[in-house]
Amino acid sequence: MTAKAIAPHKDYLGIGLGVMLAGLIALVMLNAGEKQQVRHQPGQALFARDILFSDRMDGGISIRDATTGQLIGEVAPGEGGFVRGALRGFTRDRRLENPGAESPLRLAALQGGAIILQDPESGRWTDLRAFGATNVQSFAEILFKKNEEGK
């Protein structure tokens, strides 16, 4: 009989676990940096408006100027999907952090063309450009629209 040479055994399980651990550490570090970025305040606004959004009985949304209380516009039931989604995210976070708090959100136009949606209570804000030009336009219309009650 002839003896066969035994090939050295590689530890694939150890390598795989090492790669998974490195990936997990990277994700945790990215997430920590993302939370710090959310708390960072955006630049100086060129134009800002405090807005109150309220649900209507028919499923629509009323949009009012928080300073004057006057109606800016309405989102009909089943329309304005991006506006609804963005507001839902801010409202959910606000209710989790401070139930019952009904204060306005702020829409602001910044230098460089950014339009942000901001919760002054929590400091959370979102640069709406990240969601595309069409979605930015839906909030720009709210930001720059004159009150429907004539002012």
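The values are calculated or read from the model by the stated rules, or taken from the named source; none is laboratory data. Note that the coordinates shown come from a computational prediction; the quantities given were computed from them, not determined experimentally. Cβ atoms come from the backbone with ideal geometry, glycine included; neighbour counts cover every protein chain shown.
Looking only at the stretch 42-68, residues that are farther than 11 Å from L107 by Cβ, small (G, A, S) and touching a residue at least 12 places away in the same chain (Cβ under 8 Å) come to 4 in all. Among the residues of the stretch 2-18, those that are exposed (fewer than 10 other Cβ atoms within 10 Å of the Cβ) and either at pLDDT 70 or above or in contact with a strand residue (DSSP E or B) (Cβ under 8 Å, 6 or more places away or on another chain) (or both) comprise Y12, L13, G14.
Within the stretch 110-122, the set of residues being modelled with pLDDT of 85 or more and in contact with a Ser or Thr (Cβ under 6 Å, 6 or more places away or on another chain) comprises L117 only.
Pairing each residue of the stretch 123-151 that is modelled with pLDDT under 85 with any residue that is assigned to a helix (DSSP H, G or I), provided the two are 6+ apart or on different chains, yields C-beta distances under 6 Å for G123/R39; R124/V38. Only one entry of L107, L87, L96, L71 meets the criterion of being at pLDDT 85 or above and under 17 Å from the mean Cα position of the chain (by Cα), and that entry is L107. Within the stretch 37-57, no residue satisfies the criterion of being at pLDDT 90 or above and loosely packed, with under 15 Cβ neighbours inside 10 Å.
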